Structures are given as C-alpha cells and as structure tokens.
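Everything on this sheet refers to the single structure shown next.
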Amino acid sequence: MCVERPALDVAALRAAVSGRWARVDVVAQTESTNADLLADVEAPDRSVLAAEHQVAGRGRFDRGWASPPRAVLTVSGLLRPDCPRVLWGWLPLLAGIALHDAVQAVTGLPVALKWPNDLLAADGRKLAGILAHAAGPALVIGIGVNVDTTEAELPVATATSLALAGAPDVERTALLAEILRRLDARYAQWADCCGDAAACGLATAYCAACTTLGSPVRVRLAADAVLDGTAVGIDDAGRLTVRTAQGDRSVGAGDVEHVRRA
C-alpha cells in the first residue's frame with residue numbers, strides 16, 4: 001500500500017524562522033536546490049529553498065543524487081558572508097554542527113559528524129549529507145536528510161534514515177525549522193567573530209561532534225589520489241589535518257573512509 005507522505009507546511013515554517021531568514025520558499029520539484037539558488041542572482045542574503053522532490057542533485061565529485069518525494073528533507077541556504085574568503089571553508093562544517101544539534105534535539109538519536117559533509121547514525125551509516133557551492137560573493141549550502149526513507153528507497157547499503165535509525169515519526173517541517181534556527185545562530189556567531197571558528201566556539205563544538213578526528217583514515221582525493229594516515233585536527237580554514245608517514249597534510253576536499261584499526 002502506498003502511504004501519502006505529508007508536505008512541508010510553508011506558512012508554519014516561515015512563521016518559525018521569521019526575522020532569521022530573508023526568504024523561505026518551497027517547491028514541489030526541482031533538479032537541484034543548490035543550482036536554483038546559485039542561478040538566482042537577485043536572491044538576498046539568507047535565502048532558503050526547499051524541495052519536496054529533488055531529481056538531479058549533485059554530490060561530491062559531481063556524483064548524481066536524487067531523493068524520493070517527501071521522504072527526504074532537501075534544502076539549500078544562500079549566504080553572502082562578509083568575512084575573508086579563506087575562512088569560508090568553515091561554513092559547511094558550521095552547517096554540519098547545526099544539523100547535528102538539530103537532529104539530536106528533535107529525535108533524541110545519537111549522531112556524529114564525518115568530515116567534511118556527512119551526518120552518521122550510531123551504526124555508522126549515513127543519515128544526511130551537506131554540499132556547498134560558491135559563486136562570486138555568495139555561498140550556497142545544501143543539506144539532504146533521509147527522514148522516513150525505506151530500505152528499498154535508499155541508494156546504497158551504507159545509507160540509512162531517521163526512521164530506520166529509531167525515529168519513525170519525525171515531522172519534516174519541525175525538523176527543518178530547527179535546522180534553520182540553529183544554522184542562523186551559528187552563522188551569526190561566526191560572522192560576529194569575522195569568521196574566527198575558534199573565537200566563536202564553532203571549532204570546539206565541531207571537533208567534539210566529529211568522529212573522524214583521532215581515527216585512521218583513507219582520503220580519496222581528486223584524480224584518483226589516495227592519502228592514508230590519522231585525522232588529527234581541523235585547521236583555521238576548516239581543512240582536515242591528516243598525519244601521514246611523510247608528515248602532516250591539510251586536505252580541503254575529499255571522500256573520507258574511516259579505517260578500522262588492525
């Protein structure tokens with residue numbers, strides 16, 4: 001039997017984040033909320049676009065990603081930071097800690113972050129992903145959360161959903177409102193400190209929630225390069241510091257695999 005999933009309540013969402021976000025829109029279907037916001041040159045700072053069904057989203061290294069209708073929370077936020085661009089690398093991590101804290105507050109589930117863009121369930125499977133794109137003076141941060149996605153709807157065996165992880169009755173509007181409230185608060189703190197992640201407390205919060213730190217890792221970089229070592233920290237630009245046999249190396253982008261200790 002096909003179960004009708006409820007739509008996002010746009011009016012309730014706008015009321016919940018009034019004064020925090022300049023524009024909040026929801027569309028029935030789109031190829032990519034990130035691409036739509038990037039293409040909107042008139043979008044004001046703190047614009048939000050959510051989609052009930054995203055059919056051609058992109059993941060890291062331009063991988064395709066699509067979501068079942070209303071099973072996933074798919075949203076992007078556009079920011080126009082007035083901070084040094086070299087510090088923008090912290091913004092996807094800022095979104096990660098906002099998402100982490102919002103999911104824990106709404107569901108009570110134990111979750112953790114994997115650098116740079118994944119939210120993991122207690123069993124290590126992926127609940128959500130984050131992807132940022134910059135264009136000129138704007139940065140768009142996209143978030144996709146598997147809310148009540150079934151096993152049959154999941155794209156890979158390493159993914160899961162809030163429902164499968166033990167929170168079957170999550171209301172997407174309430175979750176999105178909580179994410180946006182926490183994202184706004186973290187962003188305001190970061191901006192007030194001119195992008196200094198240590199001064200605003202972001203670095204401490206992120207490192208406490210990130211299960212990558214202290215773990216042996218294999219990082220798959222562009223052009224099929226691979227870096228093996230131990231993740232030992234996050235630098236001032238939001239890059240992962242990996243300790244290798246040849247010394248420490250900062251990684252700005254890559255797919256991280258947590259390697260089990262022998």
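The values are calculated or read from the model by the stated rules, or taken from the named source; none is laboratory data. This structure is a prediction, so every number in the text was calculated from the model and none was measured. Note that we place each Cβ from the backbone using ideal geometry, even for glycine, and neighbour counts take in every protein chain shown. We work out accessible area using only protein heavy atoms, side chains counted, and drop any ligands, DNA or RNA first. Shrake-Rupley method; radii C 1.70, N 1.55, O 1.52, S 1.80 Å.
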Open item on the list: Checking I179 against (1) among the aliphatic types (A, V, I, L, M); (2) crowded, with 22+ Cβ neighbours inside 10 Å; (3) more than 24 Å from D45 (Cα to Cα), only one condition comes out false. Which one?
Closed with: (3)
Task: Tally, over the stretch 244-256, of residues that are part of a strand (DSSP E or B) and surrounded by fewer than 15 Cβ atoms within 10 Å (Cβ to Cβ) - done: 5
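Would you be able to say whether some residue in the stretch 119-137 is open to solvent by 30 Å² or more (accessible area, probe 1.4 Å) and basic (K, R)?
Yes, because at least one residue in the stretch 119-137 is open to solvent by 30 Å² or more (accessible area, probe 1.4 Å) and basic (K, R).
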- [ ] Would you point out which residue out of T149, T107, T158, T173 is of a type in the set (S, T, Y), closer than 22 Å to D25 by Cα and in contact (Cβ under 8 Å) with a residue 24 or more places away in the chain?
- [x] T173
Open item on the list: Out of everything in the stretch 47-89 that is among the charged types (D, E, K, R) and at pLDDT 90 or above, what residue ends up being most open to solvent (accessible area, probe 1.4 Å)?
Closed with: D82
TODO: Sort out which residues of the stretch 182-200 are open to solvent by less than 70 Å² (accessible area, probe 1.4 Å) and either aromatic (F, W, Y) or within 13 Å of V103 (Cβ to Cβ) (or both), and write them in order of number.
DONE: L183, Y187, W190
Open item on the list: With the structure loaded, tell me whether A152 is assigned to a helix (DSSP H, G or I), over 17 Å from the mean Cα position of the chain (by Cα) and among the small types (G, A, S) or whether it fails that test.
Closed with: yes
- [ ] Give the number of residues within the stretch 212-224 that are within 24 Å of V86 (Cα to Cα) and either open to solvent by less than 50 Å² (accessible area, probe 1.4 Å) or touching a Ser or Thr at 6+ places or on another chain (Cβ under 7 Å) (or both).
- [x] 4
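What do you reckon, is A237 surrounded by 15 or more Cβ atoms within 10 Å (Cβ to Cβ) and either outside any strand (DSSP E or B) or aliphatic (A, V, I, L, M) (or both)? Please lay out each step first, then the result.
Values: surrounded by 15 or more Cβ atoms within 10 Å (Cβ to Cβ): yes; either outside any strand (DSSP E or B) or aliphatic (A, V, I, L, M) (or both): yes.
Judged against the criteria, A237 is a match.
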